[in-house]
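These notes concern the structure reproduced below.
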Amino acid sequence: MMTGGTPLRSLDEDELLRRILPAFAPTDELLVAPGDDAAVLRTSERTIATTDTVVLGRDWLDAWSSGADVGRKVIAQNLADVAAMGGHPTGVLVTLVADPELSLEWVLDHVAGLAAACADAGVAVLGGDLSSAPPGVVMVSVTALGRLDGEPVLRSGARDGDVLAVCGSLGLADAGLRLLRAEAADRMPEAVAHQRHPQPPLAAGPAAAAAGATSMLDLSDGLLRDGGRIARASGVVIDVTGAALAPDVAALTGAVGAEVALDCVLAGGEEHSLIATFPAGVLPDGWRAIGTVRAPGEAERPTILVDGRQVSHTGWDHFRDA
């Protein structure tokens, strides 16, 4: 591994992407370039493409997750990105990079989880790759494709007067992770199950697009971090209503305590619910309002607030939190 120079931990994920993305030249086939939840390619129909990788010891521990759990989770997080663009998932490509000492039994269990998740979502496994790795290394990478019937829903479309809404849970996966770390999984099995294999509301993405969602994002890095991405990309201020989050906090308080529950709801990652902005008065079934969107005031930068105030919860970052 090359060392020296500027270490990755000195940048956050967004800063690193700002260094990397300009190196890639756009093509006529690329309708939406990297920077949203997925790229959009021009084919005979509009095609969404996205990819994610999970690594043993960083994204999962064998003590907590089976091979099948890992398979279900990596499929879920990819298909959630397709849904967040307003698309219907159609297929996946899967790559496994593993220490040759990894057991066949783990691999077969993992494949069973992948297959089950794809079957549940009605998508095909289109192919993939296998490669060996140094001792102790196991990585799984999935590329998902999807069909886009209309215009993609970008993170840059939120407008003054919109409503911020969520479809799915908030903080459940993070609470599950904390309980696993504390060896207290029995306090809230639902949270632990959601951490091991989340079930994103895939159909809600295309439904939101059809209803007129102005922006949308897969909730993977925490409400404030992902909501902040919408705010900055759209040039707006998003103000989350604390009272709207009270039921989410209350649902977790008995298992992790009130203070931790609030942190899970505001900053917990790996939830894979969807957040979106809609014009006032437009809220599809399954979505609930949790905030408002306004134009920045004089000398005010685009940002996300809670009850009009900046808060310290930031969410997961792949390099600073590593």
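See the values below:
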read-out: Filter result for the condition that a residue is within 20 Å of the chain's Cα centre (by Cα) and buried (at least 22 other Cβ atoms within 10 Å of the Cβ), over Val293, Val256, Val236, Val265; value: Val265
read-out: The stretch 164-193: number of residues that are touching a residue at least 60 places away in the same chain (Cβ under 8 Å), of a type outside the set (A, V, I, L, M) and in a helix (DSSP H, G or I); value: 3
read-out: Among residues of the stretch 113-136, those that are in a loop (DSSP other than H, G, I, E, B) and without any contact (Cβ under 8 Å) to a residue 40 or more places away in the chain, counted; value: 4
read-out: Looking only at the stretch 296-322, and only at residues there that are of a type in the set (Gly, Ala, Ser) and loosely packed, with under 14 Cβ neighbours inside 10 Å, the one that is modelled with the lowest pLDDT; value: Ala322
read-out: Evaluation of Pro201 against (1) touching a Cys at 6+ places or on another chain (Cβ under 7 Å); (2) under 26 Å from Asp12 (Cα atoms) (one fails), failing number; value: (2)
read-out: One residue from Met216, Met139 being in the same structural domain as Ala115 (by TED's automatic domain parsing), modelled with pLDDT of 95 or more and in contact with a Leu (Cβ under 8 Å, 6 or more places away or on another chain); value: Met139
read-out: Near pairs, Cβ below 9 angstrom, 6+ apart or cross-chain, from the stretch 150-163 (part of a strand (DSSP E or B)) to any residue that is hydroxyl-bearing (Ser, Thr, Tyr); value: Val163/Thr277; Val163/Thr292
read-out: Some residue of the stretch 24-31 being touching a Leu at 6+ places or on another chain (Cβ under 8 Å) and either modelled with pLDDT under 70 or in the same structural domain as Arg232 (by TED's automatic domain parsing) (or both); value: yes
read-out: Output for the stretch 181-209, where each listed residue is farther than 16 Å from Leu79 by Cα, touching a Leu at 6+ places or on another chain (Cβ under 8 Å) and surrounded by fewer than 24 Cβ atoms within 10 Å (Cβ to Cβ); value: Ala185, Arg187, Met188, Glu190, Val192
read-out: Residue within the stretch 80-95 that is under 30 Å from Gly257 (Cβ atoms) and not in a loop (DSSP other than H, G, I, E, B) present; value: yes
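The values are calculated or read from the model by the stated rules, or taken from the named source; none is laboratory data. If you're wondering where the values come from, they're calculated on a predicted model, not measured in any experiment. Here the Cβ is made from the backbone with ideal geometry for all residues, glycine too, and neighbour counts use every protein chain on show.
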